[in-house]
Amino acid sequence: MKFTPEKYRIPDERMKPFIDTDEIWEFINNARPTKERVREIIAKSLDKNRLNLEEVAILVNTTDPELVEEILQGARTLKERVYGNRIVLFAPLYIGNKCTNNCKYCGFRSSNKDAVRMTLSDEEIVREVEALEENGQKRLILVYGEHAHYSPEYIAHTVKLVYGIKKNNGEIRRVNINAAPLDLDGFKVVKDSGIGTYQVFQETYHPEAYSWYHPTGKKRDYEWRLTSLDRAQEVGLDDVGIGALFGLYDWRFDVLALVRHTNHLEACYNVGPHTISFPRIKSASGLDITDKYFVSDDDFVKLVAILRLAVPYTGMILTAREPVEIRRQVIQFGVSQIDGGTKLELGSYSDSKNEKQDLTKEQFQINDNRSLAEIIDELVDNDYIPSFCTACYRLNRTGEHFMEFSVPGFIKRFCTPNALLTLTEYLVDYATPEVQVKGFKLIDKTLVDISGHQNTDEVKRRIERIKAGERDLYF
Ligand code: SAM
Ligand code: SF4
């Protein structure tokens with residue numbers, strides 16, 4: 001079957017599966033990277049154009065170290081030129097790990113009898129969220145297994161509960177979701193609860209590999225999952241996140257498939273995914289897979305850079321699954337969001353004595369155990385501006401990454417000032433005196449950089465208003 005993009009623009013055809021395995025392999029098998037071609041492709045991306053599948057195939061097949069370095073440098077330049085030095089911070093909150101699926105890579109799989117199953121009660125959710133707020137978090141992603149207990153109504157209930165929890169100056173201003181695919185009505189219910197992004201990872205886009213990893217349960221249905229975010233879009237939930245779990249199949253295939261998924265959403269709904277995630281398999285209780293497709297650190301760094309160049313205006317999320325060194329390295333290539341102070345064990349944010357990881361209570365092992373405070377300290381030391389901004393979402397400015405990318409001056413007018421305002425809140429409410437000094441120095445320096453784009457006097461006035469006790473100011 002040949003893929004014809006036009007076909008997928010016909011509304012009735014929208015929710016049809018859009019991955020053509022043979023076509024993706026043809027692109028990869030026929031791609032011949034030459035110096036000239038690789039440089040042309042990097043230049044095309046730096047000119048603010050999304051790459052097509054043939055071009056992405058050339059990049060994933062590039063192995064000449066000199067050219068790989070040019071790909072990394074290209075991604076670094078794109079990030080510096082377009083996005084500047086903001087990093088948005090969030091934390092995951094696992095609500096429940098009951099699960100009727102049996103994904104071979106996941107500690108929550110139904111056949112893993114060692115897994116301790118639990119669902120947080122409302123009181124426990126309140127305690128967890130208060131603890132997260134006391135650390136300075138403003139953005140959460142709630143995570144659920146796939147189980148009848150976690151119905152759309154239940155998910156909506158937990159979202160509203162979280163928005164209502166306020167501790168001192170703390171509040172959660174954006175709640176994202178990572179949960180199983182829903183039907184149209186289900187997505188509508190969750191949308192109406194006021195979520196930010198709904199994330200569903202396809203895990204692997206290769207249908208046969210997919211069925212091997214998902215032997216039983218509802219998740220067996222590849223197409224139901226593949227078309228889930230189309231259903232979200234159909235009910236107006238246009239803020240969606242896609243992802244692939246690297247290590248399940250040939251990483252080159254899944255990189256091209258992520259780009260195809262992006263193209264599909266753009267072609268059908270005029271809005272691409274808000275974010276792309278690229279988790280790598282980590283140890284988990286009951287893990288039942290071989291390491292045949294595990295992705296080396298070098299390939300991982302390369303694939304992140306290629307994704308940055310391929311879809312220059314999509315947010316990219318890097319989680320604490322990765323160790324500190326890899327996080328430091330990969331952030332340079334255009335990652336826009338990271339988690340900080342992550343704990344995966346249910347109920348562990350409010351349990352300060354519990355510092356050890358216990359894999360029977362966690363979905364997988366994390367490799368960056370630093371607290372939010374430590375991460376912010378390091379970001380500031382390296383001239384990155386930690387941001388908790390939620391302004392676009394609150395002002396209904398959807399497609400924010402696209403605007404950041406394509407509207408001249410948008411970042412300096414809105415994103416950077418908002419990052420500075422949320423950083424000021426963090427420094428005043430949660431930082432140590434030492435980090436406060438460093439943080440305000442970075443703020444002063446950044447104010448000079450944005451002068452001429454935003455009325456810096458107004459930004460300064462708002463910073464002073466925050467210092468005097470006001471909160472939640474944004475442009
Ligand atoms: N049950 C829902 C689902 O499967 O979509 C919720 C999400 S699951 C709790 C979140 C994601 O974690 C999965 O989509 C998968 O990509 C990832 N994951 C599962 N096992 C993992 C492992 N061993 N290492 C790294 N990531 C893993
Ligand atoms: Fe369940 Fe999700 Fe884990 Fe699969 S990845 S076993 S669906 S929690």
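The values are calculated or read from the model by the stated rules, or taken from the named source; none is laboratory data. Just so it is clear, the model here is predicted, and its values are computed rather than measured. Every residue, glycine as well, gets a Cβ built from its backbone with ideal geometry; the counts of neighbours run over all protein chains shown. Please note that ligands, DNA and RNA were not included when accessible areas were found on the heavy atoms of the full protein model with its side chains. Shrake-Rupley method; radii C 1.70, N 1.55, O 1.52, S 1.80 Å.
Among the cysteines of the chain, those with no neighbouring cysteine Cβ under 4.7 Å are Cys99, Cys268, Cys389, Cys392, Cys415.
Classify the range 293-429 from the C-alpha gyration tensor, please: rounded if a/c falls under 1.5, else prolate or oblate depending on whether a/b exceeds b/c. It comes out oblate by the Cα gyration axes.
Around Pro152, what is the net charge, scoring Lys/Arg as +1 and Asp/Glu as -1 over all other residues with Cβ under 11 Å from its Cβ? So the environment of Pro152 carries a net charge of -2. Annotation for the range 123-161 versus the range 198-255: alpha-carbon center distance of 23 Å.
Distance from the C-alpha centroid of the range 313-385 to that of the range 79-106: 10 Å, rounded to the whole angstrom. Scanning the chain for trypsin sites (Lys or Arg not before Pro) in DSSP loops with at most 12 neighbouring Cβ atoms within 10 Å leaves 114-291 as the longest stretch between them. Antiparallel beta bridges, as assigned by DSSP with both residues in the chain, represent about 10 percent of the total such bridges.
Surface composition of the chain: carbon and sulfur make up 49 percent of the accessible area, probe 1.4 Å.
The accessible-area ordering, largest first, of the residues Asp339, Asp457 stands as Asp457, Asp339, per a 1.4 angstrom probe. Accessible surface area normalised per residue over the chain is 39 Å², counting heavy atoms of protein chains with a 1.4 Å rolling probe. Computed from phi, the 3J(HN,Hα) profile of the range 177-192 under the Karplus parametrisation 6.51, -1.76, 1.60 (θ = phi - 60°) reads 10, 10, 8, 5, x, 10, 8, 4, 4, x, 4, 5, 4, 5, 4, 5 Hz, with x in place of Gly and Pro.
Ellipticity at 222 nm from helices only: DSSP H runs of n ≥ 4 in the chain, each -39500 (n - 2.57), divided by the residue count, give -13000 deg cm²/dmol. Estimated at 0.36 nm per residue, the fully extended path between Thr63 and Ser111 surpasses their Cα-Cα distance by 13.3 nm.
Under a Cβ-Cβ cut-off of 13 Å, what is the net charge of the residues other than Gln73 that fall near it, where Lys and Arg count +1 and Asp and Glu count -1? Counting the neighbours of Gln73, the net charge comes to +2.
Across the range 376-388, rounded Karplus estimates of 3J(HN,Hα) from the backbone phi angles (6.51 cos²θ - 1.76 cosθ + 1.60, θ = phi - 60°) give 5, 4, 5, 4, 4, 4, 9, 6, 8, 9, x, 10, 10 Hz, Gly and Pro being marked x.
Each of the GluC sites (Glu not before Pro) that DSSP puts in a loop and that has at most 16 other Cβ atoms within 10 Å breaks the chain; the longest unbroken stretch is 1-354.
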